[in-house]
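Colleague: Have a look at this one.
The values are calculated or read from the model by the stated rules, or taken from the named source; none is laboratory data. Small disclaimer: the values here were computed from a predicted structure and weren't measured. Here the Cβ positions follow ideal geometry from the backbone for every residue, glycine too, while neighbour counts run over all protein chains shown.
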Amino acid sequence: MSTAVTTATALRAPAIALAHVARTYPGDVRALDDVSLTVEHGTFLAVMGPSGSGKSTLMHCAAGLDSPTSGSVRIDGQEISGMDETRRTELRREHVGFVFQAYNLIPSPRPNRRRQWSSARTRGTWSTSA
């Protein structure tokens, strides 16, 4: 890798940076408590843990879908806490991608339709008919 590319990468802000983020819900339920995380550009990240451990809350705060009770969230160097919903939506459109746990945009083939699905996938078409 060239020195110019290395220097440019080193100067680039992280893709996502959370600093001392907390998220508390009514009833004093703390979903996040002093979480700090930095994700560099080009990094793939899997968030895993038991049910109720704050995974979804972490992802929602990191992506600007929800606001932390305290702390800082930056996307590509931009602090998002003071942004209105329109600006956060624009920032997500430009910088954030989601892979949802239940991705219902692609039909799940039943066992008796696997061959049809595979064939349709190859042709670039899909029919929900039997």
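Colleague: When both residues are 6+ apart or on different chains and their Cβ atoms are under 8 Å apart, which pairs have a first residue that lies in segment 58-85 and is closer than 22 Å to ASP33 by Cβ, and a second that is among the polar types (S, T, N, Q) and at pLDDT below 90?
Modeller: SER67/SER81; PRO68/SER81; SER72/SER81; VAL73/SER81
Colleague: Considering only segment 56-78, state which residues are surrounded by fewer than 18 Cβ atoms within 10 Å (Cβ to Cβ) and either among the β-branched types (Val, Ile, Thr) or over 16 Å from ALA19 (Cα atoms) (or both).
Modeller: Listed by number, the residues that qualify are SER56, LEU65, THR69.
Colleague: Out of all the residues in segment 65-72, is one or more in contact with a Leu (Cβ under 7 Å, 6 or more places away or on another chain) and hydrophobic (A, V, I, L, M, F, W, C)?
Modeller: no
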